[in-house]
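Chemist: Here it is, the structure, as structure tokens.
No lab work stands behind these numbers, since they all come straight from the coordinates. Worth saying up front: this structure is predicted, and the values here are computed from it rather than measured. Neighbour counts are summed over all protein chains in view; Cβ atoms, including those assigned to glycine, are modelled from backbone coordinates with ideal geometry.
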Amino acid sequence: MTTPGATTLSTPSSWDDDPAGASLLIATGRARHNMLVMSEHTFLIDLFEAWGTPESSIRSSFLPGVSAPTAPGHCDQLRSYERDGLTYLIAQGFTTAYEGKAVRRVNAIPRLAAAGQPDAAVIVVRATSLGEAPIGSILPVADHLMLAPHMVPTDINLHSVEWNKAIRRAAQHTHAAGPDVIAALWAGAVKPGHAESRVLISMGADIVIHDGLPQALTLMSAGVPVLLLAVVDSVIPAQGLQLAEDTGVRGRDDEAGSVPTPSASTPTPHRGGRRVRRADVVGTGTSTPINGSGLTIPVDHRVTTILEGLSEFLLKNDSRFASDRAR
């Protein structure tokens, strides 16, 4: 009997939920993988060429609660590999936060994988630079601003999460990843404008992402160390984000429509961490097309280099990335 005025919560059907991750055992033959990797296909081409044929390959949407992704560059494909004693579950695309699907669909793969407690998870997403990091930068996220509350993972318990420093340092040790950044999750598929970007910068953000954070928070809530890699594929021009000396507001145009040039006395805007400078960003090489649009970004083999560097770290450190609290 339902109390009048009470709100009822819909419960998932039997094939919409699998808290024990049994479906992954059925699909891949493994109840647990050492590493979960989630990325659009574009950034995994070099990896698949180097690693060859997987142990198993299935449609991601075969799994409970998982929807076939529809965003460009994302495939409905899940691969399982074993290399040098480590096992990898690689989602060759996933339902993105900006497709408009329910948060349970967006977080379905991380939720299933977390049941097996992988040693690490790597999520690769696209990002917009707020005027500092150039196109082609691959930047590890060290902290976040959750600006899409409808995408926050839900649970019956409250969680405290932290971004694992050890996994970021292992990635940076490969010299394929740039400096730490603070990422703002921006709701929807429309990138922020100049006015919105100025607000984000004042809050400490270095980059804007449209996906990846809900999945990362789901995994971190389950105790899985996560490396969220942001590949910069667009930049809000720095000229439009200059800090106006008279108002303290970035990019306020004068009456003629020009952007004021900061003087030597203009204060440097506060950023939550160390500012990303062009000199900090790793040099780039071969270009990779973006979604067949003709625009290219230099990604070359760096995502593969980072994944192999993390694998080496796991093998040397008993498959563990120590938490910041433990050090």
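Chemist: Alpha carbons only, please: Rg and Dmax for the range 59-129, in angstrom.
Modeler: Spelled out, the Cα radius of gyration and Dmax of the range 59-129 are 12.7, 39 Å.
Chemist: Something else about it: Return PHE94, PHE321 ranked ascending by Cβ neighbour count within 10 Å, so the fewest neighbours appear first.
Modeler: Ascending Cβ contact count within 10 Å gives the list PHE321, PHE94.
Chemist: Step through the residues of the range 175-182 one at a time and calculate ³J(HN,Hα) from phi using the Karplus curve (6.51 cos²θ - 1.76 cosθ + 1.60, θ = phi - 60°), rounding each to whole Hz and writing x for Gly and Pro.
Modeler: Whole-Hz 3J(HN,Hα) from phi for the range 175-182: 6, 9, 10, x, x, 4, 9, 9.
Chemist: Let me ask something additional. For ALA184, list long-range residues whose amide hydrogen, built 1.01 Å from N in the peptide plane, is under 5 Å from its own amide hydrogen.
Modeler: LEU145, ASP206, ILE207, VAL208, ILE209
Chemist: Please list the non-local residues whose amide H lies under 5 Å from the amide H of ARG126, H modeled 1.01 Å from N, same-chain partners needing a gap of 5 or more.
Modeler: For ARG126, the qualifying residues are VAL231.
Chemist: If you stretched the chain out fully between ARG32 and GLU312, how much longer would it get, using 0.36 nm times the residue separation minus the C-alpha to C-alpha distance?
Modeler: Value of the extension gain: 98.9 nm.
Chemist: Can you give the Rg to Rh ratio for the range 32-170, taking only C-alpha atoms and Rh from Kirkwood?
Modeler: Across the range 32-170, the Cα-based Rg/Rh ratio is 0.95.
Chemist: At a 10 Å Cβ-Cβ cut-off, how would you order MET38, MET151, fewest neighbours first?
Modeler: Final ranking by Cβ density, sparse to dense: MET151, MET38.
Chemist: Also, quick follow-up: Ranked highest first by the average count of other Cβ atoms within 10 Å around their residues, in what order do 186-195, 210-219, 138-147 fall?
Modeler: Highest to lowest by the protection proxy: 210-219, 138-147, 186-195.
Chemist: Where a Cα-Cα gap under 25 Å defines reach, which lysines qualify for LYS316, not counting those fewer than 8 residues away within the same chain?
Modeler: Straight-distance partners of LYS316: LYS165.
Chemist: Related question: For the range 51-57, in order, what is each residue's ³J(HN,Hα) by Karplus, 6.51 cos²θ - 1.76 cosθ + 1.60 with θ = phi - 60°, in whole Hz (x at glycine and Pro)?
Modeler: 8, x, 6, x, 5, 8, 8
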